[in-house]
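Working notes, beginning with the structure itself.
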Amino acid sequence: MITKHDLRPLAADLWEIPVGFRRDMRVPARIYASEELLDHALEDLSLQQLVNAATLPGVVAYTLAMPDIHQGYGFPVGGVAAMALPDGVISPGAIGYDINCGVRLLAAELDAEQAAPYLDELADTLDRACPSGTGRGGRIRLNDADLDEVLAEGARWCLRHDLATEHDLAHTEEGGCMAGANPARVSPRARDRARDQLGTLGAGNHFLEVDQVVQVHDPAIAAAYGLREGQIVVLIHCGSRGLGHQICTDYVRDFQQVVQRYGISLPDRELVCAPLSAPEARAYIEAMHCAANFAFANRQTLAALVRQSFTHVFARRGLPAGLRQVYDVAHNMGKMEEHRIDGKRMQVCVHRKGATRAFGPGSPEIPADYRPYGQPVLVPGSMGTASYVLAGTEHAMAVSFGSTCHGAGRMLSRTAAKRQIHGEQLRKQLTRQGIHVRAGSMAGLAEEAPFAYKSVDEVVAVVDRAGLARIVARLEPLLVVKG
Amino acid sequence: MGTECVYEELAHTADVGMRVRAPTPAALFACAARSLVALAGATPGEPSERRQVYVEAVDAESLLVEWLNEVLYLCESTGAVVADVLVTAWTPTGIAAEVSLAPPAIPPRGAIKAVTYHRLRLAEEPEGWLAEYYVDV
């Protein structure tokens, strides 16, 4: 068990477990957290998993924990690790089962005051249009040829099917398409799980929210992102659905033997990996990119369904119904990137699991209209609290491989949350707060109770103080659709 | 399976697990499959279909993960849930079973993404066999 005594403070909100803490560590493990958030991180296996990640072959500089860190599988959620090319490793478990789980933000022309009388109708319309929960497939049934195209093209497939605009693609991480995706690397059962899931939210912590911009912290950046106080915005949080889960499952299984083949010893079987130069790693990367593309297409399709819903509810009343895409970020991904490490430019594979890319101003990966301000970072909170829009910073490029937090971070187990509140009770509580809730499962709703999460305000305050992102705007929910 | 199959939920910060007990490894694997249905919050209706399932793995622990992921896939791809399991052959590296599927009387409350190797346990104890597994939800 790791205790506070094993950590040394490096700066305000920054702690380190030195490389000597365990003999098999190759680099230190660093944690961005306030005292309070650090105490939460010490309550589960988060930091032990962060130390385990610091033993992986080819890991460079340090492994990193964001302030929303919590225990995951093998690798912590809220963890970041960079592996040197070509001999470092890639680990499917350090990217996660929900490959390219991420968040999309759409900004409405409408203000909250204009939308208020119609929110109940909007909630019903969105709930019908955007399938959520288990066993609810989408309206699109993909045949083999369609599926190959979605896996190879991502959100670009949606452009060809009138589900996207050029603006949407330009304002999506990677333009909504990871290059080098190879559908031949995806198993038949992963394909089976995908066929009716395009344009579906899924269950668990995935959701669709209609929020109001309640506070602009940085007017210049907010204006560049097209955000203003009082405005209605839509947050979509979901990923690659059964396809991504199955791809991760397939490669975690296959890599159990791969680690033996390459003589890699690991402290946790869930961290199985392959050298980046190995053909097995190439196969996983090509499959992982397919899952990432499916996730981009999924959020894009959901965005199209949300736009149809807004048109249905608002346009016929003569109200503005337009929704402009602010940005779409991934928070479960492995990316080949160049970073300055110990004064040298290096090609690395950055594993971000429950962590968001946060590239700073001037980065060529950022759309031209946002480039002077840094990449938008979308941080959903728990329903009933708040979410945030942040901007990436140059400091993040220097100290965190251009990474920051991804959410509030769980604090309480699902079992404990269900013990404390019933779903119906929670729904009523949220309704009293003025939040319209549509949920497929009351037990599922209870598992996602706001008190099960850390304070998102505290999480973003830490990354802002630490310079890993700058707070741009605070959003509060008016309407939540959950699986 | 009655008292031969006992399971209880295990807490995890973000996800959830199960501790499963049964008198033999074969009964344990059958019980684990049923516990997965309970974990999803589902209840089977009347069995409507039987499937023959064969799974192989490098060791017994991997076999448990592969077996449960197979069951998970079977349920997700058919929209059914497991009603009963008859294990016809079991070794530490292979299992053959007949799985009865049923439409859910109570549908799953949430999706299970995958069964993981996280804190995976499979052990023979004085009173029988024990398994612990965690799923990503």
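Structural remarks
- Residues in region A:26-74 that are out of contact with any strand residue (DSSP E or B) (no Cβ under 6 Å at 6 or more places or on another chain), surrounded by fewer than 22 Cβ atoms within 10 Å (Cβ to Cβ) and not in a helix (DSSP H, G or I): A:34, A:42, A:43, A:55.
- Residue list for region A:189-209, filter: more than 26 Å from residue A:477 (Cβ to Cβ) and not in a loop (DSSP other than H, G, I, E, B): A:189, A:190, A:191, A:192, A:193, A:194
- Taking the criterion of being within 16 Å of residue A:298 (Cβ to Cβ) and either part of a strand (DSSP E or B) or touching a Phe, Trp or Tyr at 6+ places or on another chain (Cβ under 8 Å) (or both), the residues of region A:98-131 that qualify are A:100, A:102, A:103, A:104, A:105, A:106.
- Taking residues in region A:8-28 that are without any contact (Cβ under 8 Å) to a residue 40 or more places away in the chain and on the phi < 0 side of the Ramachandran plot, and partners anywhere that are of a type in the set (S, T, N, Q) and part of a loop (DSSP other than H, G, I, E, B), the pairs with Cβ atoms closer than 7 Å and at least 6 places apart or on different chains are A:25/A:55; A:26/A:55.
- Residues that are touching a residue at least 24 places away in the same chain (Cβ under 8 Å) and either within 30 Å of residue A:358 (Cβ to Cβ) or among the hydrophobic types (A, V, I, L, M, F, W, C) (or both) within region A:315-329 comprise A:319, A:321, A:322, A:323, A:324, A:325, A:326, A:327, A:328, A:329, listed in sequence order.
- Only one of the listed residues (B:83, B:40, B:30) is surrounded by 15 or more Cβ atoms within 10 Å (Cβ to Cβ), under 12 Å from the mean Cα position of the chain (by Cα), aliphatic (A, V, I, L, M) and within 9 Å of another protein chain (Cβ to nearest Cβ). That residue is B:40.
- Answer from A:103, A:77 - the residue that is touching a Ser or Thr at 6+ places or on another chain (Cβ under 9 Å), crowded, with 21+ Cβ neighbours inside 10 Å, within 14 Å of another protein chain (Cβ to nearest Cβ) and under 23 Å from residue A:239 (Cβ atoms): A:77
- Hey, residue A:289 more than 14 Å from chain B (Cβ to nearest Cβ), on the phi < 0 side of the Ramachandran plot and surrounded by fewer than 24 Cβ atoms within 10 Å (Cβ to Cβ) or not: no
- Breaking point among (1) within 14 Å of chain B (Cβ to nearest Cβ); (2) farther than 30 Å from residue B:18 by Cβ, for residue A:406: (2)
- Of all residues in region A:327-343, those satisfying the criterion of being farther than 19 Å from residue A:292 by Cα and surrounded by 13 or more Cβ atoms within 10 Å (Cβ to Cβ) are A:339, A:341.
- Yes/no for residue B:111 being within 9 Å of another protein chain (Cβ to nearest Cβ) and buried (at least 22 other Cβ atoms within 10 Å of the Cβ): yes
- Reported count of residues in region A:244-263, each being surrounded by fewer than 18 Cβ atoms within 10 Å (Cβ to Cβ) and out of contact with any Phe, Trp or Tyr (no Cβ under 9 Å at 6 or more places or on another chain), is 5.
- Pick from region A:168-188, criterion touching a strand residue (DSSP E or B) at 6+ places or on another chain (Cβ under 6 Å) and not in a loop (DSSP other than H, G, I, E, B), ranking: nearest to residue B:40 (Cα to Cα): A:173
- Number of residues in region B:114-133 that are outside any loop (DSSP other than H, G, I, E, B), surrounded by 23 or more Cβ atoms within 10 Å (Cβ to Cβ) and of a type outside the set (A, V, I, L, M, F, W, C) equals 1.
- Residue A:386 surrounded by 18 or more Cβ atoms within 10 Å (Cβ to Cβ), more than 19 Å from residue A:101 (Cα to Cα) and under 18 Å from the mean Cα position of the chain (by Cα): yes
One line per residue, one yes/no per condition, for (1) away from every other protein chain (no Cβ under 14 Å); (2) at pLDDT below 85:
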| residue | (1), (2) |
| --- | --- |
| A:395 | yes, no |
| A:410 | no, yes |
| A:424 | no, no |
| A:432 | yes, no |
| A:437 | yes, no |
| A:449 | no, no |
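- Meets criteria (in a helix (DSSP H, G or I) and surrounded by fewer than 22 Cβ atoms within 10 Å (Cβ to Cβ)) for residue B:100: no
- Residue A:60 being among the hydrophobic types (A, V, I, L, M, F, W, C) and within 22 Å of residue A:292 (Cα to Cα): no
- Remark: pairs (first residue in region A:202-230, closer than 24 Å to residue A:433 by Cα; second residue assigned to a helix (DSSP H, G or I) and β-branched (Val, Ile, Thr); Cβ separation under 8 Å; 6+ apart in sequence or on different chains) = A:208/A:306.
- Just one of the listed residues (A:237, A:206) is under 14 Å from residue A:298 (Cα atoms), away from chain B (no Cβ under 11 Å) and touching a strand residue (DSSP E or B) at 6+ places or on another chain (Cβ under 9 Å), and it is A:237.
- Looking only at region A:137-164, and only at residues there that are more than 16 Å from residue A:243 (Cβ to Cβ) and outside any helix (DSSP H, G or I), the one that is nearest to the other protein chains (Cβ to nearest Cβ): A:139
The values are calculated or read from the model by the stated rules, or taken from the named source; none is laboratory data. The model shown is predicted, which means the values in this text are computed figures rather than measured ones. Please note: Cβ atoms are built from the backbone with ideal geometry, for glycine as well, and neighbour counts cover all protein chains shown.
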